[in-house]
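Structure first, then comments.
The values are calculated or read from the model by the stated rules, or taken from the named source; none is laboratory data. Because the structure is predicted, anything quoted here is derived from the model rather than measured. Here the Cβ positions follow ideal geometry from the backbone for every residue, glycine too, while neighbour counts run over all protein chains shown.
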Amino acid sequence: MTVTDVRKDPTALTMTVASEWDAPIERVWQLWADPRKLERWWGPPSYPATVVEHDLRPGGKVAYFMTSPEGEQHHGWWTVLAVDEPHRLDLEDGFADAEGNPEETLPTTQFSVTFAELPSGATRMLIESRFPSSEAMDQLIAMGMEEGLAAAMGQIDAILATD
């Protein structure tokens, strides 16, 4: 089913991506909780992700890089702010240098991932990104955040169908 809606609210400084998956909530949760599953979809198809650290508990860190078709690595990190398995994740998200240090010249965001089981047995997943300023929101959206996330999430159906 993949992405069903993308809403940008410049006043609230948010972008919300809604999706629905024909799978129980626990299986959709595992897309985030299992680093090998996360690698299979976090990043657009031509930029596969490699997760190098994955501690999905409050105060934990997730570190990863995506590899471009030309072999360039783009590093990122999350700090885990809150976990309510299998219903919610709250994360701080940022870019990193090759050593995994936060990239100070690019903005960070906070995002919440919420999961809701639907009467049909499917799962709705909402990813709400919160930006620190309108300039940061404009910059990250111009860098392809919306398109990249939608392309990445387009890979989830295949994972859920085979696992």
Got a number for residues in region 55-78 being out of contact with any Leu (no Cβ under 7 Å at 6 or more places or on another chain), in a strand (DSSP E or B) and not aliphatic (A, V, I, L, M)?
9
Residue that is in contact with a Leu (Cβ under 6 Å, 6 or more places away or on another chain), buried (at least 16 other Cβ atoms within 10 Å of the Cβ) and touching a residue at least 40 places away in the same chain (Cβ under 8 Å), where the choices are Ala23, Ala18
Ala23
Somewhere in region 134-153, is a residue at pLDDT 95 or above, charged (D, E, K, R) and assigned to a strand (DSSP E or B)?
no
Among Thr105, Thr79, which is the only one that is surrounded by fewer than 17 Cβ atoms within 10 Å (Cβ to Cβ), free of Cβ contacts under 8 Å to residues at least 24 places away in the same chain and β-branched (Val, Ile, Thr)?
Thr105
The residue from Phe95, Phe115 that alone is more than 18 Å from Trp41 (Cβ to Cβ), touching a strand residue (DSSP E or B) at 6+ places or on another chain (Cβ under 7 Å) and aromatic (Phe, Trp, Tyr) is Phe95
Of Ser129, Ser112, which residue is small (Gly, Ala, Ser) and surrounded by fewer than 18 Cβ atoms within 10 Å (Cβ to Cβ)?
Ser112
Say whether the condition of being of a type outside the set (Gly, Ala, Ser), over 23 Å from Lys37 (Cα atoms) and either at pLDDT 95 or above or touching a Cys at 6+ places or on another chain (Cβ under 8 Å) (or both) is met by at least one residue in region 76-96.
no
